[in-house]
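In what follows, a structure is listed as structure tokens, so that the remarks can point back to it.
Nothing in this text is a laboratory measurement; each read-out follows from the coordinates by a stated rule. Just so you know, these numbers come straight off a predicted model, no measurement behind them. Cβ coordinates were reconstructed from backbone atoms using ideal geometry, including for glycine residues, and neighbour counts include every protein chain displayed.
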Amino acid sequence: MYKINKAYILKLLTGTIFAVCIGIFALGWVQMEGPYYENLFLAGYGGISLPFEIGSYLRLILIILVPQIFLVFVLADYMLKDFTICAVYIFTRINLRKSWFTRKCIELLFLSALYYIFQFVALFFLGKLMGKLVVFDLFTFIYILANEFVLLVLLGFIYVLTVNILSLKIGVNHGFLTIVMLIFFSSAFTLIFRNTDVLKFIPVSQTMLNWHESEKLLFYRDFIGDYLPNFTLAFSLVYILIIILFLVLIGMRLINNLEIIGFEKEG
């Protein structure tokens, strides 16, 4: 049975403030193109427009990276807290460690998904209340919503899984600072390699739905900008899943060899 600490859910719920900020920022832009939810979610969570100008870098940081860093901050100690409690009681055998790690990975994936569900719901209601938005094409709206959600959740899961693995090895503070630096370096690479094919291989680029080649988005190209040739959703999904598999294997190896001395908690 999976038991999620309610405190983490409440902390993730506070992340809806980012959806409100994103929505307020995007609504002015959306209203010029048409009062449609498709435009709102493409402007809010689809990424910045191509060609990527230096002036867009600040928007990348504030709208895309800050919510991701908040997710990492909230969940950075998720595994470590439980590990300190379980170290004495259930980690005498390797098989139990593997089961524990697998369970925690599933819980982190669930919490990452819940975080963006909260944000998407908040953005939807903001669009209705402040912008009086409507859905122009239901199937396209579902396509945009589903793909943005999957890409954001999976990349968020990569970040929180990485910080939790690092926290078990070097502590929460050092783990959090390390992953924040990696996130900022990733965003810096988008600036360095802007408007080139190298963008396709930068982790943060995978969440940029606007940069993906898709027939469903052709109608919105004047609004969201150009795309990277051959940068498909299938490519991003395979790329992200390979990274996740790699991290899970590293985590399994770490947890199997981790000394429980020092993690013991009295009582």
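Placing +1 on the Cβ of every Lys and Arg and -1 on the Cβ of every Asp and Glu, with no other charges, gives the chain a dipole of roughly 860 debye about its Cα centre. The Cβ shell under 12 Å around A43 holds other residues with a net charge of -2, Lys and Arg each +1, Asp and Glu each -1. To the nearest µm²/s, what D does Stokes-Einstein give for the chain at 4 °C and 1.567 mPa s, using the Kirkwood radius over alpha carbon pairs as Rh? D, rounded to a whole number, is 66 µm²/s.
What full-extension length gain, to one decimal in nm, is calculated for F110 and N5 as 0.36 nm per residue of separation minus the Cα-Cα distance? Let's see the in-between values first.
Working: separation 105, 0.36 × 105 = 37.80 nm, distance 1.21 nm.
Contour length minus Cα-Cα distance gives 36.6 nm.
All other residues whose Cβ lies under 10 angstrom from that of F223 are scored, Lys and Arg at +1 and Asp and Glu at -1, for a net of -2. Entry note, the chain: the mean residue ellipticity at 222 nm calculated from DSSP H runs of n ≥ 4, each adding -39500 (n - 2.57), is -23000 deg cm²/dmol after division by the residues and rounding to the nearest 500. Can you give the angle from 0 to 90° between the axis of helix 16-33 and the longest principal axis of the chain, with both taken from C-alpha atoms, to the nearest 10? Long axis of 16-33 versus the principal axis of the chain: about 20 degrees.
List, in the order given, every pair from K11/K169; K3/K104; K6/K128; K98/K169 whose Cα-Cα distance in the structure shown is over 19 Å. Show your work: numbers first, answer last.
Numbers: K11/K169 24 Å; K3/K104 10 Å; K6/K128 29 Å; K98/K169 16 Å.
Flagged as over cut-off: K11/K169; K6/K128.
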